[in-house]
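Here is the structure we will look at, set down as structure tokens.
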Amino acid sequence: MASLEIKPAIGGTGSSIKPTVSTMILYPLNHRFSVVSHSMFSFLLFRNSPQQYIKTHYNYSFSQKMGLGYSLYGKKGKSRHTLLALGGIKHVAFKETMDNPELEKVTVSTRNTVPDYGLMYEFSLGKKRCTFDTRLYLPLSPIRYYPLGTLTNLAYLEMGIGIKLYKIKKE
């Protein structure tokens, strides 16, 4: 019996408070290897500068990645450690304005789509239809292409649940 897993999660990035909302879809090719799709949206919750004259209008990113994974199982199959190699694209955007009464008003805005590839480690706990999942993503993408507002996004930590949807094979 093959099963498709849908894994929604929430998490955070870098040193600024930038929450993430993500969904991963995992399809096992066999007991060890799987194909995955990972979508993530992150946004700045609070302004990232303590300066009173700098206003952040928006700071967000969206990424879509596909990849392959290899899993190792714990005793009795209740836990699973998966290492995933992912690749795709990431769209980042931010806009900030410096409005100091003693200086000229300056607005900086950027939008860019860049390659996004890296390694993800996932730990799943549970054997039946639902699992508790944690994921850590380490991007290997070149940082030099990222706008300054996203330099703190060097790692993503996510927690969520996994829901297995079973597909019965016809004999």
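Taking a 1.4 Å probe, which of Leu68, Leu44, Leu136 shows the most accessible area, and what order do the others take after it?
The ordering from most to least exposed comes out as Leu68, Leu136, Leu44.
Could you tell me how far the Cα centroid of the stretch 109-125 sits from the Cα centroid of the stretch 76-100, in Å?
3 Å
Which pairs break 21 Å Cα to Cα here: Lys65/Lys127; Lys65/Lys95; Lys75/Lys128; Lys18/Lys164?
The pairs that break the limit, which is 21 Å between Cα atoms, are Lys65/Lys127; Lys65/Lys95; Lys18/Lys164.
What does the accessible area per residue of the stretch 34-135 come to in Å², with a 1.4 Å probe and no ligands, DNA or RNA counted?
59 Å²
The values are calculated or read from the model by the stated rules, or taken from the named source; none is laboratory data. Source: prediction; values computed, not measured. Surface areas here come from the heavy atoms of the whole protein model, side chains and all, with no ligands, DNA or RNA. Shrake-Rupley method; radii C 1.70, N 1.55, O 1.52, S 1.80 Å.
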